Amino acid sequence: METLLTLATQPAAWIALATLIAMEVVLGIDNLIFISILTNKLPEQARPRARRIGIGGALVLRLALLGTVAIIVKLTAPIFTVFEHGFSWRDLILIAGGLFLVWKATMEIHHSVDPDPGPDALNATVASSNVGAVIVQILVLDLVFSIDSIITAVGMTEHIPIMVIAVIAAVLAMLLAATPLANFIHANPTIVMLVLGFLLLIGTTLIAEGFGVHVPKGYIYAAMAFSALIEGLNMLFRSARQKRAESELL
């Protein structure tokens with residue numbers, strides 16, 4: 001196995017590292033959106049701890065999976081066939097994770113738009129006893145995103161040290177962005193519906209990938225970026241209208 005010192009002298013290794021870090025950060029955005037949505041349902045004092053545990057769990061899972069790369073690679077081997085399509089363990093995990101995301105996002109949207117949705121098990125008055133449940137949900141999706149992340153890493157480089165550095169860098173970026181992102185979502189209620197829409201999109205993409213339908217990530221993130229741009233313009237419009245209304249009152 002090549003040492004870090006040997007790899008540090010190879011320009012190709014630096015290119016692979018930069019590319020892999022970028023890929024891991026992009027994949028981590030999905031994970032971070034989910035963490036932000038869930039932790040914002042908790043009492044304010046419990047949110048930072050839940051985020052740290054959730055992101056810490058993502059790091060531990062990714063590093064643990066890196067230690068079993070040989071097994072992870074075999075997860076792509078078909079274990080059974082249905083209608084001439086072979087399903088692997090990775091496919092089943094992606095389908096299960098996608099279904100969970102779609103279910104969770106649908107329930108959140110229902111609770112937001114239904115005039116009488118019934119009690120929310122994660123509202124601020126009772127969520128203190130559900131911190132553990134939130135963390136379990138985060139860790140379940142951490143596992144799904146971690147397996148996808150490691151398989152992506154294996155496909156881009158064969159050097160374990162590069163994978164480890166890229167994973168650590170991406171998770172540190174998630175840790176730094178977690179609170180600002182969650183606060184931004186909490187401060188702008190309309191963003192919540194947009195983010196839930198993103199979760200539906202991500203969930204259906206994971207299901208499609210599990211069934212062997214490759215959806216180019218560029219299309220997904222371009223659609224998300226365009227939607228975010230439109231919402232940003234709406235926010236600027238609302239802010240400008242509010243300022244005009246306030247100035248007319250003076």
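Results, tabulated for the structure shown:
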item: Estimated distance in nm for a label pair at Tyr221 and Asn188, the labels positioned 7 Å out from Cα along Cα-to-Cβ; result: 1.9 nm
item: Interatomic Cα distance distribution for the range 41-115, bins of 10 angstrom, percent; result: 15, 26, 32, 20, 7, 0
item: Length added when fully stretched, Ala77-Ile15, from 0.36 nm per residue minus Cα-Cα; result: 19.4 nm
item: Long-range amide H partners of Ser88 with built H, under 5 Å; result: Ile79
item: Difference of contour (0.36 nm per residue) and Cα-Cα distance, Thr68 to Thr106; result: 10.2 nm
item: Exposure proxy order (Cβ contacts within 10 Å, fewest to most) of Ser88, Ser247; result: Ser247, Ser88
item: Once the Cα gyration tensor of the range 154-203 is diagonalised, semi-axes √(5λ) in Å; result: 31, 16, 4
item: Difference of contour (0.36 nm per residue) and Cα-Cα distance, Gln45 to Ala96; result: 15.2 nm
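Only the coordinates and a few stated rules stand behind these numbers; no lab work does. Computed from a predicted model, the values in this text were never measured in an experiment. Glycine also receives a Cβ, built like all others from the backbone with ideal geometry; neighbour counts cover every protein chain displayed.
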